[in-house]
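A short write-up of the structure that comes next.
The values are calculated or read from the model by the stated rules, or taken from the named source; none is laboratory data. Fair warning: this is a prediction, and the values are worked out from it, not measured in the lab. Reconstructed Cβ throughout: ideal geometry from the backbone, glycine too, with neighbour counts over all protein chains shown. Just the protein is used for accessible areas: all its heavy atoms, side chains included, with ligands, DNA and RNA removed. Shrake-Rupley method; radii C 1.70, N 1.55, O 1.52, S 1.80 Å.
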Amino acid sequence: MTRFLVRLYPTRWQARYGDEFEALLEERPLGPFDVADIVLSAIDARIRPHGSAAANDHTRGVLMTLRIGGAAAVVGGVLWLVSLAGASVIQGPDGQPWQALFILALAALLVAMIGLSADPGRQQPGLVWAAVAIPIVGAAISAVGMLGMAVVGDAPFLLGASPWEIWILGTIAMIIGSGLFALASLRARGVSRAGAILLVIGAVAALPLLFGVAYSDGPGDAGSIIALLGIVAFAGGWVWLGISAIRTDRSGGLAQREALP
């Protein structure tokens with residue numbers, strides 16, 4: 001993995017910094033954030049081979065990744081809530097606007113997990129990689145389910161399962177992955193402890209609704225209300241994490257500017 005990442009850089013950069021950079025990468029476990037940051041830095045080095053970022057300064061790439069992750073968390077949390085609200089109100093076999101919003105929410109939350117996994121990814125690499133891998137699989141499953149809704153409606157679509165059931169399975173994977181990410185962030189003291197706690201609470205409370213067990217006594221029972229509040233808390237947790245990351249990014253950028261001679 002480390003050798004592959006080094007080879008993403010231009011040949012001249014590799015000749016000058018490659019061995020040292022590879023040794024540095026091998027000193028610690030790499031999380032999703034590190035991989036994304038290195039890829040962004042390598043792209044920048046190829047676009048601007050004579051710029052300062054092309055040499056050995058990855059600070060700008062780190063801030064860029066954190067900024068993108070924070071914005072994606074805010075957008076993903078909002079779109080997640082709006083899309084699920086739309087799914088509960090607009091019910092039909094095809095062409096619903098909430099489906100497109102849900103796909104965008106999944107993509108944004110995946111970007112957020114990668115962008116916000118700097119410290120958690122280095123301290124809890126296995127947990128963070130699982131937190132990213134599970135939602136990637138879930139997003140693919142959800143996309144298949146939404147495709148089925150557009151093509152066959154509520155009819156059996158894949159292995160006897162309806163498109164709705166397939167979509168629910170992918171959504172559950174996203175929530176589980178988000179919960180794992182929040183746990184890793186808590187253990188690593190990430191950008192926002194409060195946001196991570198809210199995300200864990202939301203994930204745990206929302207799962208019963210998606211598994212179909214919350215409506216045992218009708219849509220107005222306590223279990224359903226808790227599950228619906230869990231969905232709101234899940235979205236709120238991501239928004240909170242995103243805002244905290246953006247604030248951290250701004251503070252870091254200000255501190256760097258003040259340190260310049």
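Overview of values
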{"item": "Accessible-area value, TYR17, 1.4 Å probe, nucleic acids and ligands omitted, Å²", "result": "40"}
{"item": "Accessible surface, 1.4 Å probe, highest first, among residues SER178, SER162", "result": "SER162, SER178"}
{"item": "Among VAL39, ALA23, PRO10 the positive-end extreme of the charge dipole of region 2-47 (Cβ point charges)", "result": "PRO10"}
{"item": "Heavy-atom accessible area order for ASP19, ASP37, largest first, 1.4 Å probe", "result": "ASP19, ASP37"}
{"item": "Listed residues PHE102, PHE4 arranged by accessible area, highest first, probe 1.4 Å", "result": "PHE4, PHE102"}
{"item": "Heavy atoms of LEU8 accessible to a 1.4 Å probe, total area in Å² rounded to 10", "result": "50"}
{"item": "Charge context of PHE181, other residues only, Cβ under 15 angstrom, K/R +1, D/E -1", "result": "+3"}
